[in-house]
Protein chains: 8
Amino acid sequence: MTFNIYLSGEIHTDWREQIIDGAAGLDVAFHSPVTDHGASDDCGVTILGAEPNKYWHDHKGAMVNAIRTRKGLADADIVVVRFGEKYKQWNAAFDAGYAAALGKSLIILHGADHQHALKEVDAAALAVAETPSQVVEILTYILTGALPQAGSAEAAE
Amino acid sequence: MTFNIYLSGEIHTDWREQIIDGAAGLDVAFHSPVTDHGASDDCGVTILGAEPNKYWHDHKGAMVNAIRTRKGLADADIVVVRFGEKYKQWNAAFDAGYAAALGKSLIILHGADHQHALKEVDAAALAVAETPSQVVEILTYILTGALPQAGSAEAAE
Amino acid sequence: MTFNIYLSGEIHTDWREQIIDGAAGLDVAFHSPVTDHGASDDCGVTILGAEPNKYWHDHKGAMVNAIRTRKGLADADIVVVRFGEKYKQWNAAFDAGYAAALGKSLIILHGADHQHALKEVDAAALAVAETPSQVVEILTYILTGALPQAGSAEAAE
Amino acid sequence: MTFNIYLSGEIHTDWREQIIDGAAGLDVAFHSPVTDHGASDDCGVTILGAEPNKYWHDHKGAMVNAIRTRKGLADADIVVVRFGEKYKQWNAAFDAGYAAALGKSLIILHGADHQHALKEVDAAALAVAETPSQVVEILTYILTGALPQAGSAEAAE
Amino acid sequence: MTFNIYLSGEIHTDWREQIIDGAAGLDVAFHSPVTDHGASDDCGVTILGAEPNKYWHDHKGAMVNAIRTRKGLADADIVVVRFGEKYKQWNAAFDAGYAAALGKSLIILHGADHQHALKEVDAAALAVAETPSQVVEILTYILTGALPQAGSAEAAE
Amino acid sequence: MTFNIYLSGEIHTDWREQIIDGAAGLDVAFHSPVTDHGASDDCGVTILGAEPNKYWHDHKGAMVNAIRTRKGLADADIVVVRFGEKYKQWNAAFDAGYAAALGKSLIILHGADHQHALKEVDAAALAVAETPSQVVEILTYILTGALPQAGSAEAAE
Amino acid sequence: MTFNIYLSGEIHTDWREQIIDGAAGLDVAFHSPVTDHGASDDCGVTILGAEPNKYWHDHKGAMVNAIRTRKGLADADIVVVRFGEKYKQWNAAFDAGYAAALGKSLIILHGADHQHALKEVDAAALAVAETPSQVVEILTYILTGALPQAGSAEAAE
Amino acid sequence: MTFNIYLSGEIHTDWREQIIDGAAGLDVAFHSPVTDHGASDDCGVTILGAEPNKYWHDHKGAMVNAIRTRKGLADADIVVVRFGEKYKQWNAAFDAGYAAALGKSLIILHGADHQHALKEVDAAALAVAETPSQVVEILTYILTGALPQAGSAEAAE
């Protein structure tokens, strides 16, 4: 019973790598959007032709990226959505809502300062974590039943 | 064939009233979240008991509000989501994602400056408008087939 | 038990009116796309702003029209799709496929000369008719159990 | 996370082979209808018995082919529908509508001259391409994140 | 909370009338197939044109009748299927299976002699009755909470 | 936008009446199981014939009651499940699970002493209340946006 | 793209073996109910305890068999239902209705004499065959595109 | 055709091991909740941070466990729910209701003394067993068609 896990949201830190590395050995499969910011923005026009209007430039790229995102969300058992410190990150919240409507198990990952602004998103989640290592601990527990030893969480960070 | 329309998002301007007034006479029924900010924040603890921890204070309120939001989204034919100038508005993007996954017709309403940040949300929409009067014109056209006369859009604003 | 009926397809003859008039007195409610060709083509740019590129001009209009079409198809018990003598009419075939996937009861209306080209579409239908009066007779039978008297079909055309 | 891709539509050129060859090495699985025109037309009567009436001859074949088409569409993550230069191709538009209602990611492939006639079909798509090599580039990007190098698109055609 | 009830199956006795009369005053709405045997058999060819081959004659009629049956089953809260003493009645068992897959509440009505042959059908039902008056009593109880007085069941038959 | 509310669970106190009375004037429609304990236990055998084996006696009744319960749950926007002080009340927890899987908004009503035993049920709820008047206050807020005045909650009990 | 095929219905001839043998080499997986008549009738009471009442004896067995049948139908791409010469075979028609409501591709297999009685069942099918070898030919065509050579059908029977 | 089986409910006896051992050699895959009572109660706070309020302590744990439970139930073909002699076991009844609403095949396992209290839960099941060895016999029959030899059931216990 492999768990498919989609890692959505912030693309400027290495939180995905931390989770993937930390979960080594568990029966999980990770999927993500394309996290190369430039490629993600320009994929539409690079492949399907330039657009003079920035709106359609963005639109074409967003549509192409949606092919990957939809598959990742549709196949996921668990969707982890990370909100970083900067930017609007509306695509992250959109993915969270999309996943919630599909009945996916949501884990939201964000710092304490976003708590109030994310209260509706957090309310749809089964876990709200602050660090990638907590997500690893959840996955470890869910798949093996093992909880972290006392003190191990700090050590892992 | 009444169209049920859910008006999600920004609660600091009168855009809902503009749309509701403009659509007078059409076979539409509008629904919205509770737009009293204070009541919306405190409904959980006021009814179900105080929480010393701000996170659970927010959580209880967000859950109670979700009862209304889910019904509004589930019954809607069209979901209009407005992004204002300020704040994170992650609940608006969450509602847009939720509605998209349910297959609702989405109309996104925002200013030109949010275009790039909202590209994934816009990509899921059937219309992206800048003003409430454009939403009224869409509803009028969808329900009656009538398009605005030349110059009427500016006049209506 | 009102039957909701969506009348999709060809917009250049009065077949919709023939069916609606013929079904007077039955417990049916008819819905259709906007059948004003000009309005249907230009609704997007008229309301949401001009597009220099014809593709996006068309795209904006098609998206706005989809708000009405989706509602009409989603609420329908029966979807009647008419293929006329001229034009590609790919939107008609698209609606037929969309309705079939939703499990709607399909009635396809076309002349004998389109029989081979429409064989996959016809294969998804519960009735394939050649004239609007046959559709009226089907609706009359389905709702009242009454079949046309001998000779009445010709008389009705 | 293998992507299942159904290649629907035009059967008179080698576009399917171009895509399948171009995507060699990607984690994709392609499925298609039977593209032998004669077999496709006659499968019903050859197996299940001759029909003197051409309508039922066609009908029997269309029904048998639907067994394969439904499976291909139901299992697909991405449905590519190609419209060629000739014929009515209503089955292609039907498949596109069917796939859209199932929430599949649609890629439509057609020449510029069909743009207006296909606007409702294109409006349901996540990408509209003109050449098989663009479809290959989309698949490559979706699966690996890699975009074509400058000039490579022309080279690939 | 009106209960929609579809009365499927045997058409040679007045069991439908007994149930409808017995349920007078309850908040229920009954729907049925066309129960005129001749009309039901010939509706296809009468409206859509004669068929020399009996198979297609039957087929056309069955398809037209399916428009009514599907709507009746889809809208039903409760599906009552009656198996009479004679005939194969495969359409009744087909309707029962169709309703079961849709999650409808099934009431099966048949004499004791069919018990073994109907065991798979009965196993999908929430009630198996022998007389129309028992169905009336079930509906009365479900809607009002009232059970028949001692002795009343026999009196009612 | 009437809210349909199903009141499931404990049948030995007047909590349903308290909620229904308290919600007078709101646009809500309440539905409940048959709350006459004796009728609920015996409905199956009273209508469909006695059973010497107590298991089948119970089974027949539970199946007949399920006709009403399923409709009440399927049509509900909100499902309120009350756990009382006594008995196993497995049917209440079963209804809660059933409603949760259907995506209904759950309100769980129970005393503080059941908190640990109900933690999995509460975790699926949007609100956990201790008194019927809190449920009334939630409904009032959800439908009108009005929160109770300070001190009013105690007064209402 | 393995096709899962469920073989439902008549258990007194070797039609299942003919199809399974004939399809050797194709990418198909066959599933069937338990076809040992005695075991199928008695499985419930043998495992779960005797019942003095024949109705409950049958019921217990039908319920246990339903565990297998539901899985077979739910996982199937194609459901083949065979009606033999004898018996009521209501379970076969029930399975056909169940499969139809799930949107499975149906192939019905019966002799010409049952044509009128099965017209509603046949109307839900994509193919109506008379011999197991025709089913093999359909599967061969669907999976490989190959049609039988002239004369081969007779040879295969 | 592997059967996925989720073993829900009582965690104080070795019934899961008995079933898993007894089913050795069958094409089945078993899944269960975390059955370490302490870990299950404390997983939330151990990973995500302590809560002074016992309600939120429990809540956090219940939510994390729900990630595993939902996956187990969603992927299951058969859900076995065991009710033991002690405790409220509302989570077991909740899982049964959840599984029933998803259309899973339910097997309920309990002693004779719980018969009346579990009648609504049993009414949703396809089999009600008293011993783990009966569940093994059902699985053996469902997968192989083999019934236990006379006397073997007692021997197996």
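The values are calculated or read from the model by the stated rules, or taken from the named source; none is laboratory data. A quick note: this is a predicted structure, and the numbers were derived from the prediction, not measured. Heads up, the Cβs are rebuilt from the backbone with ideal geometry, glycines too, and the neighbour counts pull from every protein chain shown. Accessible surface areas use protein heavy atoms only, side chains included; no ligands, DNA or RNA. Shrake-Rupley method; radii C 1.70, N 1.55, O 1.52, S 1.80 Å.
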- Message: Consider the range D:10-21. How many of its residues are closer than 16 Å to residue D:85 by Cα, among the aliphatic types (A, V, I, L, M) and not in a loop (DSSP other than H, G, I, E, B)?
- Response: 0
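Every residue in the range E:25-46 that is of a type in the set (Asp, Glu), under 25 Å from residue G:116 (Cβ atoms) and more than 10 Å from chain C (Cβ to nearest Cβ), please. Full working, then the answer.
Of the residues in the range E:25-46, the ones of a type in the set (Asp, Glu) are E:27, E:36, E:41-42.
Still in the running and under 25 Å from residue G:116 (Cβ atoms): E:36, E:41-42.
Passing the criteria: only E:41.
Among what's in the range F:123-152 and is within 14 Å of chain H (Cβ to nearest Cβ) and assigned to a loop (DSSP other than H, G, I, E, B), pick the residue that is surrounded by the most Cβ atoms within 10 Å (Cβ to Cβ). Break it down stepwise before answering.
Initially, the range F:123-152 is screened for residues within 14 Å of chain H (Cβ to nearest Cβ), giving F:123-130.
Within this subset, residues satisfying the condition of being assigned to a loop (DSSP other than H, G, I, E, B) are F:123-126, F:130.
On the way: F:123: 25, F:124: 19, F:125: 21, F:126: 22, F:130: 14.
Out of the qualifying residues, it is F:123.
Please tell me if residue C:5 is aliphatic (A, V, I, L, M) and in a helix (DSSP H, G or I). Spell out the reasoning first.
On the way: aliphatic (A, V, I, L, M): yes; in a helix (DSSP H, G or I): no.
No; evaluated as a whole, the condition is false for this residue.
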- Query: What residue, among those in the range E:95-122 that are open to solvent by 10 Å² or more (accessible area, probe 1.4 Å) and in contact with a strand residue (DSSP E or B) (Cβ under 9 Å, 6 or more places away or on another chain), is nearest to residue E:134 (Cα to Cα)?
  - Reply: E:115
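Could you list, in sequence order, all residues of the range A:22-67 that are open to solvent by 50 Å² or more (accessible area, probe 1.4 Å) and either part of a helix (DSSP H, G or I) or closer than 29 Å to residue A:131 by Cβ (or both)? First the steps, then the outcome.
Residues of the range A:22-67 that are open to solvent by 50 Å² or more (accessible area, probe 1.4 Å), as a first pass: A:24-25, A:27, A:35-37, A:42, A:46, A:50, A:52-54.
Within the range A:22-67, A:24, A:25, A:27, A:35, A:36, A:37, A:42, A:46, A:54 qualify.
Please specify each residue of the range E:107-122 satisfying the condition of being more than 7 Å from chain G (Cβ to nearest Cβ) and under 14 Å from the mean Cα position of the chain (by Cα). Steps first, please.
Looking only at the range E:107-122, we keep the residues that are more than 7 Å from chain G (Cβ to nearest Cβ), and these are E:107-114.
Across the range E:107-122, the qualifying residues are E:107, E:108, E:109, E:110.
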- Which one is nearest to the chain's Cα centre (by Cα), of the residues in the range F:5-21 that are within 12 Å of another protein chain (Cβ to nearest Cβ) and open to solvent by less than 20 Å² (accessible area, probe 1.4 Å)? F:8
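Just give me the residues in the range A:123-139 being among the small types (Gly, Ala, Ser) and over 9 Å from residue A:106 (Cβ atoms), in sequence order. Explain how you work it out, then say what you get.
Taking the range A:123-139 and keeping what is among the small types (Gly, Ala, Ser), we get A:123-125, A:127, A:129, A:133.
Within the range A:123-139, A:123, A:129, A:133 meet the criteria.
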- Name the one entry in F:66, F:24, F:62 that is farther than 30 Å from residue G:51 by Cα and among the hydrophobic types (A, V, I, L, M, F, W, C). F:24
- Query: In the range D:76-90, what residues are free of Cβ contacts under 8 Å to residues at least 60 places away in the same chain and either surrounded by 22 or more Cβ atoms within 10 Å (Cβ to Cβ) or in a helix (DSSP H, G or I) (or both)?
  - Reply: D:90
- Which one of H:147, H:106 is in contact (Cβ under 8 Å) with a residue 12 or more places away in the chain and at negative phi? H:106
- Query: So residue C:73 clears everything in (1) assigned to a strand (DSSP E or B); (2) under 25 Å from residue B:142 (Cβ atoms) except one condition, right? Which one?
  - Reply: (1)
